[in-house]
Amino acid sequence: MGDAAIVLVQLPVRLSEYSEPQPDLALVRPRKDRYAASHPIGPDTLLAVEVSMTTWRFDRQVKIPLYARHGVPEVWIVDLSHRELHFFRSPRDGDYADVFSTDRPATTPIPSLSGVTIDLSDLFT
């Protein structure tokens, strides 16, 4: 991600005193110490990605509302069981206003990183 973001793999994001989910992958705002002194918080997190084989219900009913309440602008759930990619964008009132899914992922923008796209067309191949 160069200077645009730091990629974290299975590391905590501190959402509250009692909540530190560990997304499978997170893109977070750059910081000089690369979060060595403390975990990123909700507003530091540009994108959280959860990979779900058996955790779909928990991810959707527990983690998604947590991320929304704490200002994470975008979350993806990669549903391996059904070969679908679910997008959750635009947190509002404890949930996401823009929710959609696809079984044919393609090149997709990451709205919090202006001009950055990622090709997901080979995700389920």
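Bear in mind that the values in this text are calculations on the coordinates, not laboratory data. Predicted, not measured: the structure shown is a model, and the values here were computed from it. Using ideal geometry, Cβ is built from the backbone for each residue, glycine included, and neighbour counts are taken over all protein chains shown.
Just to be sure I understand, if you calculate Rg and Dmax of the Cα atoms in Å for this structure, which of (1) 17.4, 48; (2) 13.8, 39; (3) 17.0, 53 do you get?
(2)
Cβ under 11 Å from Pro23's Cβ, Pro23 left aside: what net charge do those residues give with Lys, Arg +1 and Asp, Glu -1?
Neighbourhood net charge equals -3.
Which net charge results for the neighbourhood of Ser112, defined as the other residues with beta-carbon distances under 10 angstrom from its beta-carbon, given Lys and Arg at +1 and Asp and Glu at -1?
Here the count lands on +1.
Taking the Cα centroid of segment 5-30 and of segment 60-74, what is the distance between the two, rounded to the nearest whole Å?
Between the Cα centre of segment 5-30 and that of segment 60-74, the gap is 12 Å.
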